[in-house]
1. Over the Cα atoms, compute the radius of gyration (one decimal) and Dmax (the largest Cα-Cα distance, rounded to a whole number) for the stretch 215-397, in Å.
2. Going by a ≥ b ≥ c, the root eigenvalues of the Cα gyration tensor, does the chain fall in the rounded group (a/c under 1.5), the prolate group (a/b larger than b/c) or the oblate group?
3. Provide the FRET efficiency to the nearest 0.05 for the S97-E311 pair, computing r from the beta carbons and using R0 = 60 Å.
4. Roughly what angle does helix 22-38 make with the longest principal axis of the chain, taking Cα atoms, 0 to 90 degrees, to the nearest 10?
5. Could you give the angle, 0 to 90 degrees to the nearest 10, between helix 370-379's Cα long axis and the longest principal axis of the Cα atoms of the chain?
6. Lysines within cross-link reach of K49: Cα-Cα under 16 Å, excluding same-chain residues under 8 positions apart?
7. Mind giving me the nanometre distance, one decimal, between the label points for L42 and D17, set 7 Å out from Cα along Cα→Cβ?
8. May I ask for the angle, rounded to the nearest 10°, between helix 256-270 and the longest principal axis of the chain, with both axes built from Cα atoms and the value confined to 0 to 90°?
Amino acid sequence: MDMEKLLLQQREFFDTDQTKNIDFRISQLKKIKAILKENEDLLYEAIYKDFKKSEFETYTTELSLLYHEIDNFIKNTKKWSKRKKVAAGMVNFPAKSYILAEPLGVTLVIGAWNYPYQLSLLPAITSIAAGNTVILKPSELPVNTSKVMAKLINDNFPENYFHVVEGGVQETKLLLEHRYDKIFFTGSIPVGKIIYQAAAKHLTPVTLELGGKSPTFVLADADLKMTAKRIVWSKFLNAGQTCISPDYVLVDKSIEQAFLDALKMEIEASFENKHKIDENYLQIINTKNFDRLSKLVESGQVYFGGNLDREERFISPTILHNVTFSDEVMKDEIFGPILPVISFDKLEKAISEVKSRPKPLSCYIYSKNRKIIRNLLKTLSFGGGAINDSVMHLTNSKLPFGGVGFSGIGSYHGKAGFDSFTHYKSILDKPFWFEPNIKYAPYSKCKKAIIQWMME
Ligand code: NAD
């Protein structure tokens, strides 16, 4: 694929101003939804082939979110694109001031593999709603989902408007040699740095949706049964291959054993057939990740689970206990179905350990004590999170989704996404009929006093 030609074609098309038309955008969003709906079976089949993701999880964690956001954009694109009047101020009397929502232009979206449809198509759809053209590069690891997205998009949209480029590192590097008006990347921190450097050459704005180790605090007053239920669901969803998954738990020592027992009971109740893959549980994406995760299981003290099957790329829901911050499992983001549990005597000490590490993408707090919750929210910096729940904050499109510090730059979902693909152009609009003389030379004390009166 000639990337330069593709980019040039998209730039030419963008310059026709057709994508700026709201009806055009809405018709494209409707078209994408119809294509996804008509081809759901193909989408389910492809993702099952890649890592045995079930129809249930594919619908609930990928397609339903896409449909919801498409409808949200269809409903709001017109409103969000409207010229927004603001006060002009006395200094500029008799002018008007307004803000124009302007699409950025040609955008590049690079997706991650773990929610292959959602993480590729949602930024792409958002960019389209904001009036841009899109080149989408899905992750190459889930081969079949990448193929099906390329087929559905490239068969139905002209390449000068919305086009999927398949490939891995090599193809991404080629894409990154060129200038875009926006790059939206989802993936790991090391690759995020590569993307940021490539974008910097052209001063291209970026949104970087990265990862990290997201802590979960379980305090002594938490409802343990409900806490275990919500943590087990969110941790082992997608077999732990979720960027906002509770990476590890910090539990008050006084309830450690009761909490471990509650986790065990919950896993046993949720995953009946916990020794092999079934429709409730996914494979690890590839052997490389399986081997990395197996070493983590073997490096710690397994409290529950720990069953490994390399051929099936299966790791059962696993709890590690007696974990310390210096253990192997605490070095990098786990990104698999292993939950380390660290107990603490003093909450302040646990907080300062978290604070000494890079700002996480998410943080979860299980407690009824509003004072402690408020304090944790004030003292810890993280992308987003939940109180007495995990992961579910992502489902509310009114909450901007993104990281801070090492966990990312910028955010999306709903209006936040629309904003990230939009330039807000500020305009002062004046008539010819009036121009006070006070700012013009010759300057005088009196003119300064009037200006001072107006400004202060
Ligand atoms: P990755 O960084 O390996 O790959 C992401 C994309 O970058 C892929 O499309 C890949 O082809 C491309 N890529 C890989 N190496 C490259 C290179 N050297 N040069 C240019 N492009 C390259 O990430 P991944 O393994 O697909 O995803 C896992 C990571 O993504 C985890 O850290 C996870 O936390 C993070 N993640 C974040 C979010 C979020 O919304 N914040 C969502 C999902 C995953």
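Every number in this text was worked out from the coordinates using simple rules, so none of it is lab data. Computed from a predicted structure; not experimentally measured. Note that we place each Cβ from the backbone using ideal geometry, even for glycine, and neighbour counts take in every protein chain shown.
1. Reported Rg and Dmax, both Å: 15.5, 49.
2. oblate
3. Efficiency, rounded to the nearest 0.05: 0.35.
4. The helix 22-38 is inclined about 20 degrees to the chain.
5. Approximately 60 degrees, to the nearest ten.
6. Hits, sequence-local ones excluded: K147.
7. 3.6 nm
8. It works out to around 90 degrees.
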